[in-house]
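Here the structure is laid out as structure tokens; the discussion comes afterwards.
Rule-based calculations on the coordinates, nothing more; no lab input. None of the values given here were measured: they were computed from a predicted structure. Cβ: placed from backbone, ideal geometry, glycine included. Neighbour counts: every protein chain shown.
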Amino acid sequence: MTDTITADPVSRYVGGREFRNLVGGEFVAAGNGATSEVVDPSTGSAVSEVPESSGADVESAVEAARKAQPAWEAMGVDGRSACFARFGELLQGRREEMAMLDAIDSGNPVKAMRVDIDICMPYIEGWPAMARNLRGEVIPASPGNLHYTSHRPYGVVGRITAFNHPVMFAATRPLPALIAGNSIVIKPAPQTSLSTLGLAEIFAEAFPPGVVNVVTGGAEAGAALVTHPTVKRIAFTGSVPTGLAIQKSAAESGHVKNISLELGGKNAMVVFPDADLEESVEGAIFGMNFNVCQGQSCGSNSRVLVHRKLYDEFVQRSAEKLREYQVGIAYADETDMGPLVSAQHHERVSGYLEAGVGEGAKLVTGGDRPEGAPSGGYFMTPAVFADVAPGMRIAREEIFGPVMSVLPWDDYDQMIDTANSVDLGLTAAVWTNDVHLAHKTAERLDAGYVWVNDSTRHYFGTPFGGTKNSGTGREESTGELISYTEEKVVHTRLKDPAAAFARYTN
């Protein structure tokens, strides 16, 4: 890691730039002029400001979306698809800028954020193709009648995104709602708003005014969006406590809402004694997302259950590989892993490191500050714990950071019980060369998405979502597209054709 920081990316992409909300096709400050600081996690220094939106700002955005929605729906799938194509073209043209904004704002390595931009493209292209195949049904419910269904958009959708993939989530998560004919109000996580506000400039150029609106802010803006009577459909990606609060607020708003939640994970990766050791180690490290978002991912396999036959060597190999990681400034090309998103989150993750050691786990590597790191940055080297017992906090609670716990196992049924013992069930992974064992184990693991000899990768068209407290609903699939519509039934009583014909011939 170098001792000096080049200020060029910050100066070029952030310095002197005004970041504003997008409401009704116009770029506006918060109505009361309030702002919040944007802090660069690599240095701990404030680099910009973003609007701190109030309920009144959300009201303006929702009203703009409400007015724009009928014309947007009337464009049909082909018209909306043309806007998607333009959006993808513009996003690719500003790939470096968007990736740098994410690196500066979130601490994620810029080379990983470039990949995040590329990942957006199959979604931008895929949703229109899927929407063209969205059909209703003709139902033979009764003789002599015609019953059929159609899918109609809700109207205005609220989308609240997470801080770990800021631009990718802001670019892709609104798409199924939009292609279904809804307009949308996006509120990014308060820790990472820059790239979403940058993306708003692209939305404004690609979509008609008011179809996509962006407001930044904290709890007040979020609550106003969730409880607004016009917003009947809410989608949220983030923490379990916030997801529960959204459910409660929506229920108490006096207005029925359709809510989908993609929440936390304490995901188990199970390694069987016949697994390829090198591949499983690489899979565990890859699945932790160390080099994408510092392990700050709900999908990270933060509990690795390794058969005792491979356990010691697995722990040793994992530690060796992670010691090679270049931890440094997020917007430097040589950086493998950047800083955590904020000082508060760094303190939280550090507390779990202390808890792990205090409860008797062995910190094999990591968890410390890398040599030469800027004094104000929120850096932490990737950590591996061994000798972890299932009841320890680091084995039960979502840390959302660069901390991997490795647990030994001998008994199959006991291992399954351990894997299923937490109140989260987002993902899991199974590593074995026995196809029968792989699928039987995948069936028994209580998770919404299970990889076999793979980890963390998403495939468009494959439903993604969790069980238990990991959320409700599925994303990235036909099911998500349908979830942004309401099913409508049309019944027609058909008269006797002979009587009808006689009316016209007599």
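Summary of values
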| item | result |
| --- | --- |
| Mean-position separation - Cα centroids, the range 286-301 and the range 386-449, in angstrom | 16 |
| Set of aspartates and glutamates with alpha-carbon distance to Lys67 below 13 Å, sequence-local pairs under 8 removed | Glu59 |
| Histogram of C-alpha separations across the range 268-452, 10 Å bin width, % | 10, 40, 35, 13, 2, 0 |
| Taking the chain and dividing mean pair separation by its residue count, relative contact order in percent (alpha carbons under 8 Å, at least six apart) | 18 |
| Residue-span extension gain [Ser142 to Ser375] - 0.36 nm each, minus C-alpha spacing | 76.5 nm |
| Ordering of 256-264, 305-313 by packing [mean C-beta count within 10 Å, highest first] | 256-264, 305-313 |
| The range 359-506 - charge dipole about Cα centre, Lys and Arg +1 at Cβ, Asp and Glu -1, debye rounded to 20 | 860 |
| Overall form of the range 110-192 per C-alpha gyration tensor (a/c, 1.5; a/b vs b/c) | prolate |
| Helix 55-74 vs. the chain, principal-axis angle (Cα, 0 to 90°, nearest 10) | 50 |
| Chain lengthening between Asn32 and Lys67 when straightened (0.36 nm per residue, less Cα-Cα) | 10.3 nm |
| Order by protection proxy (mean Cβ within 10 Å, highest first), peptides 386-396, 87-97 | 386-396, 87-97 |
| Surface/4 estimate of mean projected area, convex hull on alpha-carbon atoms of the range 46-197, nm² | 11.1 |
| Theoretical gain in end-to-end length, Gln414 to Ser239 [0.36 nm per residue, Cα-Cα removed] | 60.1 nm |
| Radius 9 Å from Cβ of Gly328, net charge of other residues (Lys, Arg +1; Asp, Glu -1) | -2 |
| Between helix 435-444 and the chain: long-axis angle, C-alpha atoms, 0 to 90°, nearest 10 | 70 |
| Between the range 131-157 and the range 324-374, the alpha-carbon center distance in angstrom | 52 |
| Cα-Cα over 26 Å, subset of Lys248/Lys488; Lys468/Lys488; Lys232/Lys495; Lys111/Lys362; Lys111/Lys232; Lys440/Lys468 | Lys248/Lys488; Lys468/Lys488; Lys232/Lys495; Lys111/Lys362; Lys111/Lys232 |
| Those residues of the range 173-209 whose amide nitrogen sits under 12 Å from the label point placed on Ile119, 7 Å along Cα→Cβ | 173 |
| Using alpha-carbon coordinates, inclination of helix 95-106 to the longest axis of the chain, degrees | 60 |
| Along principal axes, Cα extents of the range 428-506, largest first, whole Å | 78, 27, 22 |
| Alpha-carbon centroid distance for the pair the range 203-266 / the range 11-88, whole angstrom | 15 |
| Base-10 log of normalised Debye intensity for the range 375-506 (one unit scatterer per alpha-carbon) at q = 0.10, 0.12, 0.16 Å⁻¹ | -0.52, -0.66, -1.00 |
| Global size of the range 275-352 as Cα Rg and Dmax, reported in angstrom | 13.8, 41 |
| Charge tally in the Cβ shell below 15 Å around Gly465, where Lys, Arg are +1 and Asp, Glu are -1, Gly465 excluded | -2 |
| Computed helical MRE - 222 nm, the chain, DSSP H runs ≥ 4 contributing -39500 (n - 2.57), nearest 500 | -12500 deg cm²/dmol |
| Computed magnitude of the charge dipole of the chain (debye, nearest 20; Cβ of K, R +1, Cβ of D, E -1) | 2100 |
| Options Ala74, Tyr13, Cys120, ranked by Cα towards positive dipole end of the chain, top entry (Cβ charges) | Ala74 |
| Options Val304, Gly391, Met404, ranked by Cα towards positive dipole end of the range 268-452, top entry (Cβ charges) | Gly391 |
